[in-house]
Amino acid sequence: MLIVKALAGTGKTTTSMFGLGQKVPATMKMSDEQKAVIKRMRSFKWQSCAAMAFNSNIAKELAQRVPSGVVAATANAFGNRAWLAHLNISNLQPNPNKNRVIYRDLAADVDRQERYKMEGDVDQLVSLCKSYLLEPDHENLVFLSDKFDIEFDLEVFEWARKVFFKGVEEKTHIDWNDQIFMPLYHGVKIPQYDHVLVDELQDLPIAKQELVFRMSRLAISGIGDENQAIYGFSGADSEAMVTFGERMKNCLSKDISKNYLGCYGYEELPLTITRRCPKAVVEYANRYVPTLRAAPNAPEGSVTSEREGEFLESMCKDIRGRMVLCRVNAPLTSLAFKMIARGRRCYIQGKDIGTGLKREVQKSDEQDISRAVSKAVARIEKKISELGEKPFVDDSKVSALQDRIMCLNILSQDCSTVSDFVAKVDGLFKESGSPNDVQLSSVHKAKGLEHKHVCIYKPSKLPMIFPAKKGKKGQTPMQIQQEKNLAYVAYTRSMDKLTIVSEEEEPKHNYKRDYDE
């Protein structure tokens, strides 16, 4: 049993591949930390091995790098295969709106306005119960509501219970959470492997952690960085590195006659020397993670500041590509159009973001873009208003909705029809461009990426601070820490230059300020 605490850019994937048996090139110099990890992983004797990746893109990359005999896939893929085998069918198309569909059917007789007000919270609570493997009893729903700033509402709790239990009965109607939750909940036999390697352990929800333990027969290697835990808002266990390690230790103290987990003992090893970041960037990132170290032969690199008014011009003149990171998407959308107007090629990382924006206008059932956007904005503003009426609310949710409104308004400029809007979004929001394009990305979307020249745009939003308001909690400790983690992730994407784009003096709380020409 092994936990590897691998900081940003420390070569965790390369090290783990060598640990699984891939030959280390004679020309490659390994640090003492890497040698210790490789030695420990190679002490695990296995005939079968699974490498669990954080997302499908990483899974595809791992599949090309793993040694023979290793199966690389996401947790969802492993869980889904078990569920399909249990049902004896070849495929099921997940419906991400499963909880909402069930709720609308069960609550068909409820006043439409009242039903709509509860729908989002019901959906979120059911999804969180699945992620945390919790029955929807009162105590658990109170716990989840408190942790994720959902209003304590007994009627919402009751509907969440009904939707949850109806959902577990609908075995061929699944959402993404169900790919893992359903086989676990129904006690389906999970295919086992002698050794399971888990990547990005810090972002693993409780359900995925349970899946790992059911998949493993002999040994588990978990690799992650608690300082890069940034998905707590979506149900990931923000303390996964700790909870997973404790679960490993428990294997050593229990009867293992039926399961040999723990037969290799438990160990924690560090990877602290970054192979990605230059010395200047490491020094800058040390304000959040003091233990991150530059390699002895790392270049100096640079951390510079550039005024926002000069930044656009210098970026347009620079023929080389850059990565521009921002905490939220709307400023990136505005910046993209300013660059396009000046003939500079760019794209915004994240095809799914564009899909969400397209869905907003297509829901309006209008062809005229002005009317479609007006209806979409009205729906979003209604959600914002309803959130404002709650005694406790995560201000990041409000900010995300405001961000969406601004993106819609910016993107719809110069469009006449919804078709024009869709074409515009498809051209701008994508997963990749040419090497010399400017890559614009939210910090969440930049996780796992790197670039020689990284620019931090709107640095006042990183970390984002939501002040406490009258009658509201303000940020929870988890939210505060995850915002700091986002800053650390942003800074450590740089392989050479890090540019902090200093903002012009602007009035506070003017949400249109970032988008004026």
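Quick notes
- Normalised by residue count, the chain yields a Cα convex hull volume of 165 Å³ per residue.
- The ranking of Cys346, Cys316 from fewest to most other beta carbons within 10 Å of each one's beta carbon is Cys316, Cys346.
- In sequence order, calculated HN-Hα J values of the range 214-220 (Karplus, 6.51, -1.76, 1.60; Hz; x Gly/Pro): 6, 7, 8, 9, 10, 8, 9
- For the range 98-173: rounded, prolate or oblate by the Cα gyration tensor [a/c cutoff 1.5]: oblate
- Karplus-based coupling profile of the range 329-338, in residue order and whole Hz: 8, 4, x, 5, 4, 4, 4, 4, 5, 5, with θ = phi - 60° in 6.51 cos²θ - 1.76 cosθ + 1.60 and x standing for Gly or Pro.
- Checking the Cα-Cα distances for Lys5/Lys461; Lys130/Lys162; Lys12/Lys249 against a 19 Å cut-off, the pairs over it are Lys5/Lys461; Lys12/Lys249.
- Test item: Cα-centred dipole of the chain, Lys/Arg +1 and Asp/Glu -1 on Cβ, debye: 1660 debye
- For the range 1-150, a/c is not less than 1.5, where a ≥ b ≥ c are the root eigenvalues of the C-alpha gyration tensor, and a/b tops b/c. That puts it in the prolate class.
- Under the convention that each Lys and Arg Cβ holds +1 and each Asp and Glu Cβ holds -1, the size of the dipole of the range 281-438 around its Cα centre is about 180 debye.
- The loop-placed GluC sites (Glu not before Pro) in the range 296-336, going by DSSP, that have at most 12 neighbouring Cβ atoms within 10 Å of their Cβ come out as Glu300.
- The chain, helix-only ellipticity at 222 nm - DSSP H runs n ≥ 4, -39,500 (n - 2.57), divided by all residues, nearest 500: -14500 deg cm²/dmol
- One decimal place: the segment Ser68-Ser314 gains 83.8 nm when fully extended, by the rule 0.36 nm per residue minus the C-alpha distance.
- Taken one residue at a time, the phi angles of the range 308-324 give Karplus couplings (6.51, -1.76, 1.60, θ = phi - 60°) of 4, x, 8, 4, 4, 5, 5, 5, 6, 7, 6, 7, 7, x, 9, 10, 10 Hz. Gly and Pro are set to x.
- Charge dipole of the chain about the Cα centre (unit charges at C-beta), most positive-ward option of Ser416, Ala59, Leu87: Ala59
- Pairs from the list Lys375/Lys430; Lys445/Lys484; Lys363/Lys383 with a Cα-Cα gap above 18 Å: Lys375/Lys430.
- Distance (nanometres) between label positions extended 7 Å along Cα→Cβ at Lys430 and Ala378: 3.5 nm
The numbers here are math on the coordinates, done by the rules we state, and not lab data. Bear in mind that the values here come from a model prediction, so they are computed numbers and not experimental data. Neighbour counts run over all protein chains shown; Cβ positions are idealised from the backbone, glycine included.
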